[in-house]
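Derivation of every value follows stated rules applied to the coordinates shown; laboratory data play no part. The structure presented is a predicted model; accordingly, all values stated were derived computationally and were not measured. All Cβ positions, glycine included, derive from the backbone under ideal geometry; neighbour counts span all protein chains shown.
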Amino acid sequence: MDRSVATRARAAATQVVLVTGSRMPAADRESGLLVAALARRDVHAEIAPWDAAIDWARFALVVLRTPWDYVERHERFLAWVRATADVTTLVNHADLIAWNLHKSYMVRLGRAGIPVVPTSLVPRGADMACQNTARSAFGDEIVIKPAIAAGASEAIRTTASSAQARAHLTELLLSGDALVQPYLAAVADGEVSLVSFGGVVSHAVRKLPARGDFRVQEEHGGSVVAHVASDAERAVAQAVLSALPRPTLYARIDLVTTPDGPLLMEAELIEPELFLPFASGAADRFAAVLADQLRSSST
């Protein structure tokens, strides 16, 4: 077969593309598992970076999976999300991606009655009086982080009245909004992540920080173990999913369990690591949901 004909034939057969990044800060260890799980359902999938020169309309389903390089180019990324959603089916929905990109959703969910880690949103360019109010709202130990970020980038744990807190918050506000939250001692016991497909919890893991740190990501020395979610954790996760502005085909709900119960740390709806290797059948459950969506999109 002529090479160009073969290329067109493969393109025609490809129904799903799993979107990754071209400037990856870490290896993507999950998309290959999902490609294999989809193949077991006779669904052909390929992996491509979001900023590639691709005709996205040729795919019936575009699935955001690991575009971990979007943060520094989030405006361009969001424009790509909108443009892609105009020509094909994008999951999660473009409106949900835009809603989740800025962590002000924590404030919105808190106002809606979801138990969240208390959060103050400090707008870009806020004056010192506003900054002082935010820093002093949650006691002595606080966490300061950008409102648009991933992987705990530029997040610090510090003392509310310290020069470090003042300087870091001021620096963040030069380029964007920021969040101030209380540091919760329960974080030392780890965060619980509940992963859902099609609105149903599939599995859970516990992410543990390195000794003396509060960040649970692997690049900061964190580790991951399998976890059996409690009824209370499941209830909060389902409450978060129900409160989202649109249904989600995949989600990771990160919680911290305090003496008052589980609190939402983050709702990851754009490009979460889904910890597929930590639960038997997880990739197949996700593939089944995507295959159903593919059939719906084709009718």
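Brief remarks on what is shown
- Placing +1 on each Lys and Arg Cβ and -1 on each Asp and Glu Cβ, with no other charges, gives segment 120-182 a dipole about its Cα centre of roughly 20 debye.
- Three-way shape call for segment 93-180 based on the alpha-carbon gyration tensor, with the a/c threshold at 1.5: prolate
- Rounded to 10°, Cα long-axis angle of helix 74-87 versus longest principal axis of the chain: 40
- Per-residue [θ]222 nm for the chain (sum of -39500 (n - 2.57) over DSSP H runs n ≥ 4, rounded to 500): -10000 deg cm²/dmol
- Extending 7 Å from the Cα toward the beta-carbon at both Ala167 and Ala232 defines two label points whose distance is 3.9 nm.
- Whole-number percent relative contact order across segment 185-269, with pairs defined as alpha carbons under 8 Å at least 6 apart: 32
- Working from Cα pairs under 8 Å separated by at least six residues, relative contact order for the chain is 18 percent.
- The magnitude of the dipole of segment 185-269, with charges of +1 and -1 set on the Cβ of Lys/Arg and Asp/Glu and taken from the Cα centre, is near 160 debye.
- Positive contributions from Lys and Arg (+1) and negative ones from Asp and Glu (-1), summed over other residues with Cβ under 11 Å from the Cβ of Ile253, come out at -3.
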